[in-house]
Amino acid sequence: MKPYYLTTPIYYASGEPHIGHAYTTILTDTLARYRRQMGSQVEFLTGTDEHGQKMKEAATQKSMHPKELADKMAKNFKEAWVGLDISFDRFIRTTEDAHVDVVQNILNRLWEKQEIYADNYSGWYCIHEERYWTSREVGEEHVCPDCHRPVEYIEEKNYFFRMGKYQEKLLEHINNNPNWIVPETRRNEVLGFLNQPLEDLSISRPKTRLDWGITLPFDESHVCYVWVDALFSYVTGASFPSTQSKTLKNYCWPADLQVVGKDILTTHAVYWPTLLMASDLPLPKKILAHGWWLSKKTKMSKSIGNVIDPLQLREKYGTDAVRWYLLRDMRTGSDATFTEERFATRYEELANVLGNLASRTTSMVIKYRAGRLSEEIETELGEEIEQTLDNFQKHMDKLQVHSALGLAMDLARKTNVYIDKKEPWALAKDPDRTNSLDTVLGTLVRILTVLTTLLSPVMPEKMGALAKHIGLDKIPTFEDLNLALTTRSTLKSGAPLFPRDHL
Ligand code: MSP
């Protein structure tokens, strides 16, 4: 059976990984881990986008060859992802031979089908965004409407992809599949964009202007436009058969989910599906477009200089706290503002609600029952648990990750209230109420078990530690949850999950 295939964007290797990349990647990782826990086999792709003018210029500035810079950055991205516990299965680099081969094969196919034609182009180009703009868009100041940098006027021969002819077919697809682009606000943006006539897309650059790219198989004097090259890496990453490997072994295109930021939605929801249609390849099943992390109301970005290094936060608070904050504090799909105060509030929630519940529970089971629970005990709060499990999955399936996490935290909060109400310390003093104490302790351990399952996709390391404290040898999958409630070894106390001295 085909695995559940999901992708992050393929990040530009011209700069260091930052919080924006980290957010997209942690979000995708959490969804990948959730799918694995639901019992699916998963293929999770990330990687680096290593061609194009931006890459060439960044390398020139550092007096490096672009490939040398790409090697360095691919390593930095990989290290950052390992540091943030990203469980990617495949890291693709667009300079890999297999990818070059796939792109040339597909371009050839498009050329033979006359989906590509040569023409002269004159117009404005923004190097930073790697894209053309019309005179109307750049205005009299001749600046890029997106990044506000000066644009260049260029006249050259280009190859064009007949994108315009797919406009109706794409509109039909979006209209017939209301959940193809989520959330709805982003889908509406794409529909708005498609209200204008869709133009053909320039897919090449003459080597006289830019030589750092994949050579067009039908014209040696041009390289492929970096966006077209990078988009097809999703197909290479799915083990698309190339001239070297003709087999369909492990082939897993189409993607089940492609996660992107709102700034690159047009390329993913317009260029990409039309290129796939022309190549006779199926479309991805879903595109999730998330918002931006802002700092003082502007997008955090390297060029603005207001970027926060996620790895620095990690040193202070731990990887899982960073993952928690980023996913919990941003409504999936909307923008959010990053502040250290919000970070501290979210960390407090981990320490005071979840960490507190875990340490109270383990210390009581150790103190009153020498770390062992009797197996045949009645438990309470059954309905709350079932409802949380049910609603958590509903929200995750709708890709509303922030609200799914909120539900799990609510269950922990309610359980702390339950402890205060039941006063197990009083029950422990009363020999007539031994059964009640067992019920309370059993309920608490059962809930912590459920919480390890719900929260391990976002906090894999801490939930692994919690599972050990409550006597499990591994975090249960959703299916194993009932079994895990009865089979466990002795509970052990351990270091606090979320130490308060960081606050
Ligand atoms: N190379 C292209 C993607 C090609 S995919 C075939 C690219 N790379 S990128 O390095 O610029 O990374 C883009 C990703 O980082 C997007 O998902 C984008 O939204 C995300 N972010 C960059 N800054 C961001 C924030 N401040 N906040 C959240 N995410 C943002 O585009």
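As a check on your grasp of the helix formula, calculate [θ] at 222 nm for the chain: sum -39500 (n - 2.57) over DSSP H runs of n ≥ 4, divide by the residue count, round to the nearest 500.
So the calculated ellipticity at 222 nm is -13500 deg cm²/dmol.
Roughly how far apart, in whole Å, are the Cα centres of the stretch 1-54 and the stretch 394-424?
That distance is 28 Å.
Nearest 0.05, what FRET efficiency do Asp420 and Leu294 give at R0 = 30 Å with Cβ-Cβ as r?
Plugging the Cβ-Cβ distance into 1/(1 + (r/R0)^6) gives 0.20.
Around Glu378, under 11 Å between beta carbons, what's the net of Lys plus Arg minus Asp minus Glu among the other residues?
That works out to -2.
Mind ranking 459-468, 372-381 by how tightly packed they are, going by the mean number of other C-beta atoms within 10 angstrom, highest first?
Top to bottom by mean Cβ count within 10 Å: 459-468, 372-381.
Please give the helix 401-422 orientation as an angle from the longest Cα principal axis of the chain, in degrees from 0 to 90, rounded to the nearest 10.
10
Given Lys414/Lys468; Lys169/Lys285; Lys54/Lys113, which pairs have Cα atoms separated by over 19 Å?
Lys414/Lys468; Lys54/Lys113
Along the positive direction of the dipole of the stretch 296-422 (beta-carbon charges: Lys, Arg +1; Asp, Glu -1; about the Cα centre), which of Ala336, Leu411, Ile308 reaches farthest?
Value computed over the given set: Ile308.
I'd like the antiparallel share, as a percent to the nearest 5, of DSSP beta bridges with both residues in the chain.
Given both bridge residues lie in the chain, the antiparallel proportion sits at roughly 50 percent.
Note the angle between two axes, namely the Cα long axis of helix 19-37 and the longest principal axis of the Cα atoms of the chain, as a number of degrees from 0 to 90, rounded to the nearest 10.
The two axes meet at around 60 degrees.
Taking neighbour Cβ counts within 10 Å as the exposure measure, how do Val401, Val138, Val322 sort from fewest upward?
Neighbour counts put them in this order, fewest first: Val138, Val401, Val322.
I'd like the distance between the alpha-carbon centres of the stretch 105-126 and the stretch 251-272, rounded to an integer number of Å.
Between the Cα centres of the stretch 105-126 and the stretch 251-272 lies a distance of 21 Å.
A short reminder: the numbers here are calculations on the coordinates, not readings from a lab. None of the values given here were measured: they were computed from a predicted structure. Cβ sites come from the backbone with ideal geometry, for glycine too, and all protein chains shown count toward neighbours.
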